[in-house]
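What follows is one structure encoded as structure tokens, with my remarks underneath.
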Ligand code: G3I
């Protein structure tokens, strides 16, 4: 249930009415007296954040009040940690980890191996497999070992499936260590570093491209068959306000079919990415609220053992990575001032 005194149907109804009656999505009226996300969700609720944002007391207070899990938006990736000379830096993730500890919030590690990042220090190693194998293992042991006991889990491998679902992506990692083997090794090294973290395979567009979702599930099965300690499946859920009803529910249900915990790992619902199809911003805001409500309802309907966490890829619109694509986008649950939007009421209303 959504907690005492929260009338779910009324919340969804008022959220949709609120979203439908507003004149512009970014002028949304803040729903009054909403409970915090973490107080009503029957599972951990997360957000991404950057270390620098913690210098803003209002932001730090919003995070501590609203969520129970934190994902460093970029500071636990190779692009931040691995220096050109091969040394490793941890000031950023350590700052986030310290804040999480002080706020009693768990940390989620993102991400150890990603096709999109292969720093020069690794590229230069691209001469001998033995050196590369060792450097790859040492990196994962150093990073995952550093946050052992504080992270609930890791995105061990991120975005391994080809965009069209036809096979797996090519990367420095796959070329040097094998298409599947580099992933098996990553999971094994992460398990060696942290015996308790839930180890995830994470990807995006699983709701938009059914073929990609099918290939993702086949990859998960191949990893399990190869003996990789795969412990969970992450679906990023970067979607748009015109997403067809039912797509999210089908995706979450398909991912749960393997019986592993599911992490809805990076949700945002773009308004402007739908504008090519729908011009009316009030309809887009109502669509955004509907998508958030469906996600909350579908995730809530999973067995408790499979509801690992529901992570929003930011809390305040102004913090979203999508603003770099279109400054007019308003993809998250809170406005730039940290006030809950109709989308927040809809998400809460969708909880079971
Ligand atoms: O903050 C530094 C700044 O000090 C420095 O001057 C500048 C130099 O380029 O970099 C800034 O850091 C940037 C960081 O975002 C913080 O804004 C990095 O360059 C930039 O690469 C990084 O982008 C992140 C991106 O992943 C790549 O790591 C985005 O914030 C983050 O939202 C995005 O998140 C990804 C997930 O990891 C995977 N799923 C898709 C999602 C969206 O692309």
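The values are calculated or read from the model by the stated rules, or taken from the named source; none is laboratory data. The model shown is predicted, which means the values in this text are computed figures rather than measured ones. Note that we place each Cβ from the backbone using ideal geometry, even for glycine, and neighbour counts take in every protein chain shown.
Observations on the model:
- Pick from region 208-233, criterion within 16 Å of the ligand (Cβ to nearest atom) and part of a loop (DSSP other than H, G, I, E, B), ranking: farthest from residue 164 (Cα to Cα): 208
- Residues of region 162-192 classified as part of a loop (DSSP other than H, G, I, E, B) and under 11 Å from residue 113 (Cα atoms), total: 1
- Among the residues making up region 316-325, those that are within 11 Å of the ligand (Cβ to nearest atom), part of a helix (DSSP H, G or I) and in contact with a strand residue (DSSP E or B) (Cβ under 9 Å, 6 or more places away or on another chain) are 319, 321, 322.
- Some residue of region 297-315 being more than 18 Å from residue 207 (Cβ to Cβ), within 16 Å of the ligand (Cβ to nearest atom) and at pLDDT 95 or above: yes
- Any pair with Cβ under 6 angstrom, 6 or more apart, that starts in region 225-247 at a residue that is closer than 24 Å to residue 112 by Cα and without any contact (Cβ under 8 Å) to a residue 40 or more places away in the chain and ends at one that is part of a loop (DSSP other than H, G, I, E, B) and within 16 Å of the ligand (Cβ to nearest atom): 235/206
- Residue check: residue 62 meets all listed conditions (1) over 26 Å from residue 159 (Cβ atoms); (2) in contact with a helix residue (DSSP H, G or I) (Cβ under 6 Å, 6 or more places away or on another chain) but one, namely (2).
- Only one of the numbered conditions (1) within 16 Å of the ligand (Cβ to nearest atom); (2) part of a loop (DSSP other than H, G, I, E, B); (3) on the phi < 0 side of the Ramachandran plot is not met by residue 205, and that is (3).
- Checking the stated criteria, residue 175 turns out to be out of contact with any strand residue (DSSP E or B) (no Cβ under 6 Å at 6 or more places or on another chain), farther than 29 Å from residue 268 by Cα and surrounded by fewer than 15 Cβ atoms within 10 Å (Cβ to Cβ).
- Qualifying residue in region 125-132 (condition: within 16 Å of the ligand (Cβ to nearest atom), surrounded by fewer than 20 Cβ atoms within 10 Å (Cβ to Cβ), farther than 22 Å from residue 46 by Cβ and in contact (Cβ under 8 Å) with a residue 12 or more places away in the chain): no
- Candidate set: region 234-244, residues that are within 12 Å of the ligand (Cβ to nearest atom) and assigned to a loop (DSSP other than H, G, I, E, B); chosen: the one nearest to residue 157 (Cα to Cα): 236
- Within region 37-114, strands (runs of 3 or more DSSP E) holding 3 or more residues that are within 12 Å of the ligand (Cβ to nearest atom), within 18 Å of the chain's Cα centre (by Cα) and within 20 Å of residue 203 (Cβ to Cβ): 106-114
- In the set 149, 145, only one residue is part of a loop (DSSP other than H, G, I, E, B) and either under 14 Å from residue 191 (Cα atoms) or touching a residue at least 60 places away in the same chain (Cβ under 8 Å) (or both); that residue is 149.
- Failed criterion for residue 161 (all others in (1) crowded, with 17+ Cβ neighbours inside 10 Å; (2) within 16 Å of the ligand (Cβ to nearest atom); (3) within 30 Å of residue 62 (Cα to Cα) hold): (3)
- Complete set of residues in region 263-279 that are in contact with a helix residue (DSSP H, G or I) (Cβ under 9 Å, 6 or more places away or on another chain) and away from the ligand (no atom under 16 Å from the Cβ): 271, 274, 275, 278
- Residue check: residue 259 meets all listed conditions (1) surrounded by 16 or more Cβ atoms within 10 Å (Cβ to Cβ); (2) closer than 21 Å to residue 223 by Cβ but one, namely (1).
- Condition broken by residue 117, with the remaining ones in (1) under 22 Å from residue 196 (Cα atoms); (2) within 16 Å of the ligand (Cβ to nearest atom) satisfied: (1)
- Test set (1) in contact with a helix residue (DSSP H, G or I) (Cβ under 9 Å, 6 or more places away or on another chain); (2) on the phi < 0 side of the Ramachandran plot - residue 246 fails condition number: (2)
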